[in-house]
Amino acid sequence: KNRHKTLRNLYKAVKNLLNQKGFNWDSTRQMVIAENKIWDEYIRVNPDVHPYRVKTIPYYDDLGIIYGDNSARKKGNDASLILLGLKFGGPL
């Protein structure tokens, strides 16, 4: 359950950051990007997001399927859940 909660919180934090003006997802580097000025201003008000300035999140798209996109779940796409060991509550 802790791993599930940690991954869900990571997804929510990155998604919230991407919803802010000036922030984008770099699919090549698998990280959130923005101009330095935008990062500096946002981190000044929200210091807890500082790690995301340099953190890669290679499984963000998978987390989007698991936590964010209900239509993907409705289509029966359980593969990512199983690969991450979350489908049945733990490692396979």
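The values are calculated or read from the model by the stated rules, or taken from the named source; none is laboratory data. What you see is a predicted model, and the numbers here were worked out from it, not measured in a lab. Cβ placement follows ideal geometry from the backbone for every residue including glycine, while neighbour counts extend to all protein chains displayed. Quick note on the areas: whole protein, heavy atoms, side chains included, nothing else; ligands and nucleic acids left out. Shrake-Rupley method; radii C 1.70, N 1.55, O 1.52, S 1.80 Å.
Looking only at the range 28-40, count every residue that is surrounded by 15 or more Cβ atoms within 10 Å (Cβ to Cβ) and under 12 Å from the mean Cα position of the chain (by Cα) and tell me the total.
Result for the range 28-40: 2.
Mind checking which residues of the range 1-29 are touching a residue at least 40 places away in the same chain (Cβ under 8 Å) and touching a helix residue (DSSP H, G or I) at 6+ places or on another chain (Cβ under 8 Å)?
LEU7, ARG8, LEU10, TYR11, LYS12, VAL14, LYS15
Filter the range 54-85 down to residues that are open to solvent by less than 70 Å² (accessible area, probe 1.4 Å), modelled with pLDDT of 50 or more and assigned to a loop (DSSP other than H, G, I, E, B), then give me how many there are.
Looking only at that region, the number is 4.
Tally the residues that are surrounded by fewer than 12 Cβ atoms within 10 Å (Cβ to Cβ) and in contact with a Gly (Cβ under 9 Å, 6 or more places away or on another chain), restricting the search to the range 1-27.
So the count comes out to 1.
Could you figure out which of (1) in a helix (DSSP H, G or I); (2) farther than 18 Å from THR6 by Cβ isn't true of PRO51?
So PRO51 meets the others, but not (2).
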